[in-house]
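Trainee: Submitted below is the structure of interest, expressed as structure tokens.
Read the figures in this text as sums done on the coordinates, not as results from a lab. Everything quoted here is computed from the prediction, not taken from an experiment. Cβ sites come from the backbone with ideal geometry, for glycine too, and all protein chains shown count toward neighbours.
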Amino acid sequence: MLGKRSCPVLRMGSKNLARSFVGLGLGLSIGVMSATAANAQIVPDNRNIFDSDDQRRGSVFDSDVPRGETVRSRARPELDALGVRGGGFLVFPSLTGGLSYNDNIFATDGNETDDFIFQLRPELDVRSDWNNHEVALSVGGDVGFFADNTDENFEDVRASASGRLDIKRSTIARGNIGFAREHEERSDPDDVGGTEPTIFRSYDAGASVRHQFNRVSVSGGGAVRYLDYDDTPTSTVDINNDDRDRLVVSPSVRVGYEIIPSYEAFVRVDGEFTRYETGRDDAGFKRDSEGFDIVGGAAVDLTGLLFGDFFVGYRQRHFDDSRFDTLRGPVVGSKLTWIPTGLTTVTLDINSEIVESTQSGSSGYQSTAGTVGVDHELLRNLILGGEASIRYDDYEGISREETNYGFGVSADYLWNRYLTLGAAYNFRYRESDAANQDLIRNIVSVFLKAQL
């Protein structure tokens, strides 16, 4: 079991530690940007460095297992955005306007309220076009206007920078920093039911290094996130959310062995240390925690037609408050992609995780989810999509179990390289044994995206 003092660096204090990690991520990004640049083909992968195919939550490792060409990732030279060149960089601006109808905007069990929502999503992505190293910058916003329930209007913004430093052929370092101002969804279990959505800010930073020793790869790094919640307005007094502010530090180590080309076995150890700004929340609970995952799995590619990652292992999470039980048990995860034909892609995603909660009496819940998705290229410029999902949530400390069912279909019409027209329908059903927590919601939306 990891004790509260098992990670001395946490004694620095949440805010000082956050600043240290942000400085580390920023320093690595600046180091990459100062490296010698030469023109070359653009690197299209602009994922966050903590995205990984062998771990659903944040990871510090990218997978090098070759991947086949999917319907969504396929290059379409006559339809793909060209971008605007600026020296050794390519700039991709876009603006999306959408209109949706939601028949249950407050995610209530009965007495539903429906509304139309108009959204604007400006985005600007900048990517390096170099032989070595890589830098990516991204800024964007999501502004929503409700036709009748204007108190639900929101203005979300985000900004991030990431970099890759090619130290040598066998050694790669990555870093990232990010900021986001978002609103809490009404369907979120921690939504407190204020007259307006709860606003929160997230600050992220991280760094990792990967080295290849012949068939053996070793990766190590860490991620840090600081969450800062505004108070929630109500018709009487504001709800204090200072006791939700917290720092989460996630170190990780991964060792992989390539059995044969495109078949890699790996072992990964992840830690997670959570420290809240207040010693106790408003209900008197100490929510600080520490835990770890130990998993083993494989990343495989069967001729590019069936590829993916899967793993199993053990998880444990200890909470400082003695009223919260230690959570322990198996952990499983998988992401598989099957390409039955060149026009169709099928994906299977299985994930299990512990989700923090600030509900009174509960430390969080163990969530297990599975999703099946299908993309089909009906025409060269018309892509159809479908998805079905199920998620089971088991809360710790309170009597609450929920099963969420989801279904959605979509169509994207690539008008030309500058315009895309799309439509989607999404259904969600939540079955809960807690009072007044069932949910049925339908959302229909259309959008038009302009890009250069």
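Trainee: Which whole-number percentage describes the relative contact order of region 359-441, with Cα contacts under 8 Å and a sequence gap of 6 or more?
Mentor: Numbers: 178 pairs, mean separation 19.5, N = 83.
Once divided by the residue count of region 359-441, the mean separation gives 23 percent.
Trainee: Just want the answer: with Cβ charges of +1 for Lys and Arg and -1 for Asp and Glu, which residue in F145, I172, V157 is farthest toward the dipole's positive end in region 137-179?
Mentor: I172
Trainee: While we're looking at this one, here's another question. Taking 2.2 N^0.38 Å as the expected size of a compact globular protein, what ratio does the Cα radius of gyration of region 188-336 give against it, to two decimals?
Mentor: Its radius of gyration relative to the 2.2 N^0.38 Å reference: 1.36.
Trainee: Out of V295, N416, H183, whose Cα points farthest toward the positive end of the dipole of the chain (charges: +1 Lys, Arg; -1 Asp, Glu; placed on Cβ)?
Mentor: Towards the positive end, the residue furthest out is V295.
Trainee: Please give the charge dipole size of the chain, origin at the Cα centre, charges +1 on K and R Cβ atoms and -1 on D and E Cβ atoms. Round to the nearest 20 debye.
Mentor: 2260 debye
Trainee: With only Lys, Arg, Asp and Glu charged, each at its Cβ (+1 for the first two, -1 for the last two), find how big the charge dipole of region 248-318 is about the Cα centre; round to the nearest 20 debye. The partial results should precede the final answer.
Mentor: Working: 8 positive and 12 negative charges, 50 e Å.
Here the size comes out at about 240 debye.
Trainee: With N residues in the chain, what two-decimal value do you get for its Cα radius of gyration over 2.2 N^0.38 Å?
Mentor: On the way: Rg = 22.6 Å, N = 452, 2.2 N^0.38 = 22.5 Å.
The value comes to 1.00.
Trainee: Could you let me know the centre-to-centre spacing of region 307-338 and region 97-163, using Cα atoms, in angstrom?
Mentor: Comparing the Cα centres of region 307-338 and region 97-163, I get a distance of 30 Å.
Trainee: Still on this structure: Do you know the relative contact order of the chain, to the nearest whole percent, from alpha carbon pairs under 8 angstrom that are 6+ apart? All intermediate terms of the calculation are to be shown ahead of the outcome.
Mentor: On the way: 1228 pairs, mean separation 62.6, N = 452.
Dividing the mean separation by the residue count of the chain yields 14 percent.
Trainee: Using a 10 Å cut-off around each Cβ, can you sort E112, E185, E290 from fewest to most neighbouring Cβ atoms?
Mentor: Lowest to highest Cβ neighbour count: E185, E112, E290.
Trainee: How much mean residue ellipticity at 222 nm does the chain get from its helices, if each DSSP H run of length 4 or more adds -39500 (n - 2.57) and you divide by all residues, to the nearest 500 deg cm²/dmol? Can you show the working numbers first?
Mentor: Working: 1 runs with 20 residues, N = 452.
Value at 222 nm, helices only: -1500 deg cm²/dmol.
Trainee: Amide H of D80: which non-local residues (sequence gap of 5 or more, or other chain) have their own amide H closer than 5 Å, using H built in the peptide plane?
Mentor: Excluding prolines and chain starts, which carry no amide H, there are no hits.
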